[in-house]
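Colleague: First the structure, which I've put down as structure tokens, then a few questions once you've had a look.
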Amino acid sequence: TYVVTDNCIKCKYTDCVEVCPVDCFYEGENMLVIHPDECIDCGVCEPECPAEAIRPDTEDGLDKWLKLNAEYAQTWPNLTAKRDPLPEAKDFDGQTDKLTKFFS
Ligand code: SF4
Ligand code: F3S
């Protein structure tokens, strides 16, 4: 599966949802997550994210993100069409440790 990570938080560009063939993105206030059981591992969303926030779970160190995606994909609503990025997206793009600072 692919996983949404740190840099999506407070950016939420949503280019990813436009290309996903199985519509497996789910939307929270500050970020999106991917439903790990629905993702078919096609990889097309990865290069579409301007914040480079989408990673394959074969990369090291993504355990906490995989857990977070799996958890919130159960309760957040499905998002299938692109919308405007968050207004502060450019300022927050590239900030570090967003999970502890901004995730709610
Ligand atoms: Fe959707 Fe493919 Fe990205 Fe999985 S890898 S979230 S199926 S676009
Ligand atoms: Fe987030 Fe990137 Fe999608 S910033 S909403 S994972 S395009």
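The values are calculated or read from the model by the stated rules, or taken from the named source; none is laboratory data. These figures come from a predicted structure and were not determined experimentally. Glycine gets a Cβ as well: all are built from the backbone with ideal geometry, and neighbour counts include every protein chain shown.
Colleague: Quick check on the range 1-30: of everything there that is within 6 Å of ligand 2 (Cβ to nearest atom) and part of a loop (DSSP other than H, G, I, E, B), which residue is surrounded by the most Cβ atoms within 10 Å (Cβ to Cβ)?
Modeller: 11
Colleague: I need a count of the residues in the range 53-74 that are of a type outside the set (Asp, Glu), in a loop (DSSP other than H, G, I, E, B) and either within 13 Å of ligand 1 (Cβ to nearest atom) or closer than 14 Å to residue 24 by Cβ (or both).
Modeller: Going through the range 53-74 one residue at a time, the tally reaches 4.
Colleague: How about the range 75-102: which of its residues are part of a loop (DSSP other than H, G, I, E, B) and either farther than 20 Å from residue 14 by Cβ or of a type in the set (Lys, Arg) (or both)?
Modeller: Answer for the range 75-102, where residues must be part of a loop (DSSP other than H, G, I, E, B) and either farther than 20 Å from residue 14 by Cβ or of a type in the set (Lys, Arg) (or both): 82, 83, 96, 97.
Colleague: Residues to consider are 23, 6, 41, 57; find the one that is under 17 Å from residue 97 (Cβ atoms) and either within 9 Å of the chain's Cα centre (by Cα) or of a type outside the set (Val, Ile, Thr) (or both).
Modeller: Only one candidate qualifies: 6.
Colleague: Only one of these is touching a helix residue (DSSP H, G or I) at 6+ places or on another chain (Cβ under 7 Å) and modelled with pLDDT under 95: 32, 79, 99. Name it.
Modeller: 99
Colleague: Does any residue in the range 43-64 that is at positive phi come within less than 8 Å, Cβ to Cβ, of a residue that is more than 12 Å from ligand 1 (Cβ to nearest atom) six or more places away or on a different chain, and which pairs are these?
Modeller: Partner pairs satisfying both residue conditions: 52/7.
Colleague: A follow-up question, please. I need a count of the residues in the range 6-52 that are of a type in the set (S, T, N, Q) and away from ligand 1 (no atom under 13 Å from the Cβ).
Modeller: Counting residues in the range 6-52 that are of a type in the set (S, T, N, Q) and away from ligand 1 (no atom under 13 Å from the Cβ) gives 2.
Colleague: Could you say which residue among 37, 84, 41 is within 12 Å of ligand 2 (Cβ to nearest atom) and either among the basic types (Lys, Arg) or surrounded by fewer than 19 Cβ atoms within 10 Å (Cβ to Cβ) (or both)?
Modeller: 84
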